[in-house]
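Notes follow the structure.
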Amino acid sequence: MANKEKLFTEFTAPTTQEWLDKIEVDLKGADFQKRLVWRTNEGFNVQPFYRREDLRDLKATDSLPGEFPYVRGNKKDNNLWYVRQNIVAEDAKAANAKALDILNKGIDSLGFKISGRDVSAEFIATLLDGILPQYVELNFTTCQRHCVELATLLVDYFKQKQYPLAELKGSINFDPIEKILKKGKDVTPVLAQAKPLIEALAELPGYRCINVNTTAVNNAGAYIYQELGYALAWGAEYLNVLTEAGVNPCEAAKRIKFNMGVSENYFMEIAKFRAARMLWAQIVRQFVGDDALNCTCSQMHVCAVTTEYNQTLFDSYVNLLRSQTETMSAAIANVDSIVVTPFDKPFEQPTEFAERIARNQQLLLKEEAHFDKLVDVAGGSYTIEHLTDAIAKEGWKLFLATEEAGGFLAEALNGNIANAVNASNDKRHADAAKRKEFILGTNQFPNFTETSEGKQPASQVCCCSTATHETEATLPQLNTERLASEFETLRLATEKAQKQPVAFMLTIGNLAMRQARAQFSCNFLAAAGYKVMDNLGFKTVQEGVDAALEAKADIVVICSSDDEYAEYAIPAFQYLNGRAMFVVAGAPACSEDLKAAGIENFINVKSNQLATLKEYNAKLGI
């Protein structure tokens, strides 16, 4: 067309300063930095808006999908990923039947967890009977000391079946460093099997066998920049191990697979995977040279696994919301395969129903939302491009610090990796206790009427058999205690009490304030499993206390405005006369006067919710 008129040319584009001026007006004097600027756990600030000028100096924005450094993904034509489901193969025939069943329900990637004692030609033949590996990605996890044996058996089996070896895709999960972190055992001698493992899989070029399992640190509560930085250092450690053993650097890189967690921080997780590919390509280039610019060896192969760390036992269906946004982050970030953790994983062996829902969460994104059709849909987003650059810088700092300290293996062996991640876990638990980090359905908006119905936190069991060569744990281990675990322990203890404590809201005075504080108090106390009773309001404190006692309340919470507490709180406390615990909702200016009158208990937004509820349980004899 000769006439190429641009749309909206009659409108003048506002400048950044004009936007800031407008925001300042709307804030009505409030602090811009405190109200709108987000300070991340990764150590950088996120602004409330970004413009094209903010990306002016970012080099990665000039790259294309499928091109070095792969920040925009490894694929050029689509965003297809493998929909993976893992199976614990305790019985080969049963596991095979389950695999064949789910292959007809949308799965195109299988993960088999096999005990080391079961690794045999007969077991493999039974397990894979009827499965065509040229159409399905196959992934295997077994005892680290049996990986070479498993690889040999697989090659022999595929040859016997005359499958096209060059077309087969899959992996064997060899990662001794993960065991160092998770079990606290020094298994460095097993690293010597890395080169023999690659040699055993020489005829399967599409099989990756050296794994970087940062799902371990993700499930232990690591911050996003920690998972990114440690993933790079972990992978670089294996490149060093392999090249020093005589493996060609390009071949070594092609055999490495990253299994990474994905948590609830939607945009940051998208940025993490994009940054990881970009930085890993640069690391591989240092080993391979400039040939990496045009070689697939510099592509990072990622299987994303939705985290277990933020899953909950109570209000467990909220886990579906968490894992769905996590899956969306991974898909938008162009990962190669995804495992959705079933919503019931925290308290039981996942049921068939939970596994079906987990499969369908991915299929929905593919078949209904068409996430598999678009290449790097996040590319060009001012916010995501900025986050990619910012998280890359923080992850790279941690990578360099780890390298300068002697490398990832050395840091794992001296306990620094586990200690650093555990410190993050402790910080996150402390933040959750103070409700600085929300867990929907647990420390924020709990289901008032829900009971555990016999559910208990599930324990994890290793698939490896006990062997004489196993060493005792002598190193720090990752703490995989879920974020909600302490609240769940508290609530389960409350359920076991002879009587469910009743918390009664004595609402009086200013309508807006009493309603707001009653709602806050109900959410605060219901997190311990107490029965909470809200009320429309009372004319006098005597009327409210009488109603509380009639309801057999164990806790009476007075809910009013700060100014009115000076009038209502002490009379209510004195009239109650110790017949129930008395709590003031808020932190009024007259708090010292109330304390002088004998009132001990106050709850407000600055309270340590977990510590407070533990204290209340102790006072109630629970």
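The values are calculated or read from the model by the stated rules, or taken from the named source; none is laboratory data. Everything numeric in this text was worked out from a predicted model, so none of it was measured. Note that each Cβ is placed from the backbone with ideal geometry, even for glycine, and that neighbours are counted across all protein chains shown. Remember, those area values only see protein heavy atoms, side chains included, never the ligands or the DNA or RNA. Shrake-Rupley method; radii C 1.70, N 1.55, O 1.52, S 1.80 Å.
What to note about this one:
- Positions within the range 506-555 being assigned to a loop (DSSP other than H, G, I, E, B) and within 22 Å of residue 620 (Cβ to Cβ), in sequence order: 527, 528, 529, 530, 534, 535, 551, 552, 553, 554
- Within the range 5-49, being polar (S, T, N, Q) and in a helix (DSSP H, G or I) holds for 16, 17, 33.
- Some residue of the range 84-102 being surrounded by 14 or more Cβ atoms within 10 Å (Cβ to Cβ) and within 20 Å of residue 333 (Cβ to Cβ): yes
- Count of the range 421-431 residues which are open to solvent by 30 Å² or more (accessible area, probe 1.4 Å) and not charged (D, E, K, R): 2
- Qualifying residue in the range 157-166 (condition: out of contact with any helix residue (DSSP H, G or I) (no Cβ under 9 Å at 6 or more places or on another chain), of a type in the set (Gly, Ala, Ser) and open to solvent by 10 Å² or more (accessible area, probe 1.4 Å)): yes
- Residues that are open to solvent by less than 10 Å² (accessible area, probe 1.4 Å) and assigned to a loop (DSSP other than H, G, I, E, B), drawn from the range 273-302: 300
- Enumeration of residues in the range 573-609 that are touching a strand residue (DSSP E or B) at 6+ places or on another chain (Cβ under 7 Å) and not in a loop (DSSP other than H, G, I, E, B): 573, 576, 581, 582, 583, 584, 585, 591, 594, 601, 602, 603
- Counted residues, the range 390-426 - those being in a helix (DSSP H, G or I), farther than 18 Å from residue 216 by Cα, more than 21 Å from the chain's Cα centre (by Cα) and of a type outside the set (Lys, Arg): 4
Conditions tested, residue by residue: (1) open to solvent by less than 40 Å² (accessible area, probe 1.4 Å); (2) in contact (Cβ under 8 Å) with a residue 60 or more places away in the chain; (3) over 21 Å from residue 197 (Cα atoms); (4) not in a helix (DSSP H, G or I).
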| position | (1), (2), (3), (4) |
| --- | --- |
| 252 | yes, no, no, no |
| 259 | yes, yes, no, yes |
| 264 | no, yes, yes, yes |
| 271 | yes, yes, yes, no |
| 304 | yes, no, yes, yes |
| 309 | yes, yes, yes, yes |
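- Single residue of the range 50-73 satisfying the filter (in contact with a His (Cβ under 8 Å, 6 or more places away or on another chain) and not in a loop (DSSP other than H, G, I, E, B)) that is most open to solvent (accessible area, probe 1.4 Å): 54
- Filtering the range 74-83 to residues that are open to solvent by less than 20 Å² (accessible area, probe 1.4 Å), assigned to a loop (DSSP other than H, G, I, E, B) and among the hydrophobic types (A, V, I, L, M, F, W, C) leaves only 81.
- Every pair of residues 6+ apart whose Cβ atoms lie under 8 Å, when the first sits in the range 146-168 and is closer than 16 Å to residue 199 by Cα while the second is polar (S, T, N, Q) and open to solvent by 80 Å² or more (accessible area, probe 1.4 Å): none
- Subset of the range 114-124 [crowded, with 17+ Cβ neighbours inside 10 Å and either within 20 Å of residue 368 (Cα to Cα) or among the charged types (D, E, K, R) (or both)]: 118
- When residue 503 is tested against (1) open to solvent by less than 10 Å² (accessible area, probe 1.4 Å); (2) hydrophobic (A, V, I, L, M, F, W, C); (3) not in a strand (DSSP E or B), only condition (3) is not met.
- Qualifying residue in the range 131-138 (condition: under 32 Å from the mean Cα position of the chain (by Cα) and in a strand (DSSP E or B)): yes
- Checking every residue in the range 35-49 against the condition of being more than 28 Å from the chain's Cα centre (by Cα) and open to solvent by less than 80 Å² (accessible area, probe 1.4 Å) gives zero matches.
- Options 238, 317; residue that is hydroxyl-bearing (Ser, Thr, Tyr) and either surrounded by fewer than 20 Cβ atoms within 10 Å (Cβ to Cβ) or without any contact (Cβ under 8 Å) to a residue 24 or more places away in the chain (or both): 317
- Criterion (buried (at least 21 other Cβ atoms within 10 Å of the Cβ) and at pLDDT below 95) met by exactly one of 378, 392: 378
- Cross-chain or 6+ apart pairs with Cβ under 8 Å, the range 357-371 first and surrounded by 21 or more Cβ atoms within 10 Å (Cβ to Cβ), then modelled with pLDDT of 95 or more and of a type in the set (D, E, K, R): 365/372
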